[in-house]
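Asks: Here it is, the structure, as structure tokens.
Any read-out appearing in this document is the output of simple, stated calculations on the displayed coordinates, not a laboratory observation. All of these numbers come straight from a predicted model, not from anything done at the bench. Glycine also receives a Cβ, built like all others from the backbone with ideal geometry; neighbour counts cover every protein chain displayed.
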Amino acid sequence: MSITKRGTVLLTGAAGGLGQAIARAAVAAGRRVVLVDRNEGSLNRFAAELGAMAHPVLLDITDHAAVDRLLDQVPEAFRPVDVLINNAGHDIGGRTRFDQGSPDDWTDIIRTNLIGTMRVTRAVLPAMVARNAGHIVNVSSINAVRIVPDMAAYSASKAGVRMFTETIRGELSETAIRVTEILPGLTRTGIIVTRYRGDQAKENAYFDQFKIALDPEDVARVIAFALEQPPHVQIAEIMVLPVNRY
């Protein structure tokens, strides 16, 4: 199959660990990728690594006006956007009991993880509806369905992503657009070190307390599986967890 027929993926949170794994898998499958991230240095370095198959877009998905203009930053060679992968998210200030945490932190978590996902989807979806074609993949979390103490804001945001995903899947049921939710368990990405505002010792201690964790490539393979199904097959949701090997 030609690269053109493979289409374009628009990926948020593209410069992070999970985003990079997803983008590499997409390029390996012959897809062009629009890399969306707010970290300019990491974004540009990663785009240079991927070369002509990637186009970087510097964007903070909590900037509503900028998100509304997102498709204007997609060059003609990368149009139309065939797949939207909402991967951007964070837990800065998380893993703190709700009454002891910062209201500003949990507000920002929800603005990014839930409202940002909704806003980006709203920017991209109308063109998919007009073409009656496309695939939306929302990266949720095991936290969307399981109670994890000290993660109220993050879990609430991911539960919101889950309900948002299910609702738009229902709204789009008379179209050919597919909607998929991915619910990963603990994954070795940069979200933990950013949660602790760059404190590497706290990140190490966090992972050390668990025997198991996924690698970003594990989640990327699951997303690739959902994308590669025949057009009439819709993977509604996949929960992916590590195996306790110890």
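Asks: Pop the C-beta distance of ALA127 and LYS211 into the FRET formula with R0 = 41 Å and round what comes out to the nearest 0.05.
Replies: 0.35
Asks: Run lengths n ≥ 4 of DSSP H only: what is the helix-derived mean residue ellipticity at 222 nm for the chain, with -39500 (n - 2.57) per run over all residues, to the nearest 500?
Replies: Helix-only estimate at 222 nm: -12000 deg cm²/dmol.
Asks: Amide H to amide H under 5 Å from THR180: which residues, 5+ apart in sequence or cross-chain, H placed 1.01 Å off N in plane?
Replies: Close amide H contacts, sequence-distant or interchain: ILE136, VAL137, ASN138.
Asks: Per-residue HN-Hα couplings for segment 41-56, Karplus 6.51 cos²θ - 1.76 cosθ + 1.60 at θ = phi - 60°, whole Hz, x for Gly and Pro?
Replies: x, 5, 4, 5, 5, 5, 4, 5, 5, 7, x, 5, 7, 10, 10, x
Asks: Mind checking the angle between helix 216-227 and the chain's longest principal axis? C-alpha axes, 0 to 90 degrees, to the nearest 10.
Replies: Approximately 40 degrees, to the nearest 10.
Asks: Evaluate E = 1/(1 + (r/R0)^6) for GLU76 and GLU174, where r is the Cβ-Cβ distance and R0 equals 51 Å; express this FRET efficiency to the nearest 0.05.
Replies: After rounding to 0.05, the efficiency reads 0.95.
Asks: Once phi is turned into θ = phi - 60°, what whole-Hz ³J(HN,Hα) does the Karplus curve with 6.51, -1.76 and 1.60 give for every residue of segment 137-145, x standing for Gly and Pro?
Replies: Here the 3J(HN,Hα) series is 10, 10, 8, 9, 5, 4, 5, 5, 10 Hz.
Asks: May I ask you to list the residues of segment 92-127 whose amide nitrogen lies under 18 Å from a point 7 Å from Cα along the Cα→beta-carbon direction of ALA159?
Replies: 94-101, 106-115
Asks: Further question on the same structure: Over segment 3-240, what is the relative contact order in percent, taking alpha-carbon pairs closer than 8 angstrom and at least six residues apart?
Replies: With pairs under 8 Å counted, the relative contact order is 20 percent.
Asks: Can you order the peptides 148-156, 114-122 by their average number of other Cβ atoms within 10 Å per residue, highest first?
Replies: Result, highest mean Cβ count within 10 Å first: 114-122, 148-156.
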